[in-house]
1. With θ taken as phi - 60° and the coefficients 6.51, -1.76 and 1.60, list the Karplus ³J(HN,Hα) couplings across the stretch 154-162 in order, rounded to whole Hz; mark glycine and proline as x.
2. Pick out the long, greasy-scoring helices in the chain: whole DSSP H runs spanning 15 Å or more along their own axis by Cα, mean Kyte-Doolittle at least -0.5.
3. Computed over the Cα atoms of the stretch 24-183, what is the ratio Rg over Rh, Rh following Kirkwood?
4. Which aspartates and glutamates, if any, have their Cα less than 19 Å from the Cα of Lys316, not counting same-chain residues under 8 positions apart?
5. For the stretch 101-233, what is the Kirkwood estimate of the hydrodynamic radius, computed as the reciprocal of the mean inverse distance between distinct Cα atoms, to one decimal in Å?
6. At a probe radius of 1.4 Å, what is the per-residue accessible area of Arg69, in Å² to the nearest 10?
7. Using a 1.4 angstrom probe on heavy atoms only, work out the carbon and sulfur share of the accessible area of the stretch 1-135 in %.
8. Can you give the calculated 222 nm mean residue ellipticity of the chain, where each DSSP H run of n ≥ 4 adds -39,500 (n - 2.57) and the sum is split over every residue, rounded to the nearest 500 deg cm²/dmol?
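The values are calculated or read from the model by the stated rules, or taken from the named source; none is laboratory data. This is a predicted model, so every value here is computed, not measured. Cβ: placed from backbone, ideal geometry, glycine included. Neighbour counts: every protein chain shown. Accessible surface is based on the protein model in full, side chains and every heavy atom, while ligands, DNA and RNA are left aside. Shrake-Rupley method; radii C 1.70, N 1.55, O 1.52, S 1.80 Å.
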Amino acid sequence: MSESEIVTEIRGACALATLNRPKALNALSHGMIKALDAALSQWEADPSIACVALRGATARAFCAGADIRALYELGRAGAAASGRIAQLAYFRDEYRLDRKIARFSKPVVALVEGVVMGGGAGLAVNARHCVAGDAVVFAMPETGIGFFPDVGATRFLSRLPGALGPYLALTGARIATGDMTALGLAGAHVASARHEALIERLGAGEAPAAAIAAEADPAPPSALLEERAVVDRCFSAGSVVEIADRLAADPSDFARAALSTLESRSPTSLAVAFRQMRAGAGLSIEAALALEFRIVARILAGHDYYEGVRAVIVDKDQSPHWRPAELDGPGEADVEAYFAPLDEELTFPAPAPAC
């Protein structure tokens, strides 16, 4: 990792971390994860630091997620046990970082703008305060590359009202600032031009909730909530196949687009994500991430992730060959195997006492 990929500074009572990999839309390398984790530990122990702020170096993106190509190359190279060990080390450290943010003893304020996807959502939504800028593009698009919504999405998507969680988890639909705030994924909208002013307030020692309220604007309307009736009717079904059937029977353009999206996704990823959404609402952040670590260990040993990354990111032919290819292909036992205990489960150190 280049030292500049995470830029840290102290602004009075606020410690500020800037994700600084703009050409990759601030996608998280393993080095960035470890550097941010180390910085948080240092700031947690420093009594002069009252809160932490996270931001991206560019308005184009807060963080586009994991370094997917690097993880793909590790797996390709590592039929190899060494490749698999390195992949799992990445996710172990990423999930522990997400848990550290969620349990941090001082307020963490995520200032998000532009692309907020995958691992970026893990940093933002697990923070005590997620503040959305003007042009956020939020998504958990993992089923499109044969992966699944992780970084705590088992918990934070499944807790959304109605069937909005399953909808976002399965389709990977992109939502905007108004949607994030309406769904509670972000607590407030602060215009991007005033993010710096908000950081100055935090540095001057203002309580984060008060500082955010002082800079906040009314959120834009939510386009997604206008489709809530269709989402709830279709995505409350008892299986992925039944969701597809309900979408096919709905005459709306929204339903037609959602069905087309589902039909392009990995059937295995869809089945796993559907099962996640059924399991997640009552889980703690630790239990959700431990469950996701079980899933990721099986996903990385399979076919669809490598085929999805090849088709979408490497060759860019947009024509993945999923195994199985049909929505009804994954059997119940096949899906349950992704959730089975591991010999080496994900564990967490005890959190620091609250300040």
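1. 3, 8, 6, 7, 5, 8, 5, x, x
2. Numbers: long enough: 30-44 (21 Å, -0.02); 81-102 (31 Å, -0.60); 253-264 (17 Å, 0.17); 267-279 (18 Å, 0.19); 285-299 (21 Å, 1.29).
Answer set is 30-44, 253-264, 267-279, 285-299.
3. 0.97
4. Qualifying aspartates and glutamates at Cα under 19 Å: Asp67, Glu73, Glu142, Glu263, Asp304, Glu307.
5. Here the Kirkwood hydrodynamic radius works out to 15.1 Å.
6. Surface open to solvent at Arg69 totals about 110 Å².
7. After summing per-atom areas, the C and S share lands at 52 percent.
8. Details: 16 runs with 160 residues, N = 355.
Only helices count here, giving -13000 deg cm²/dmol.
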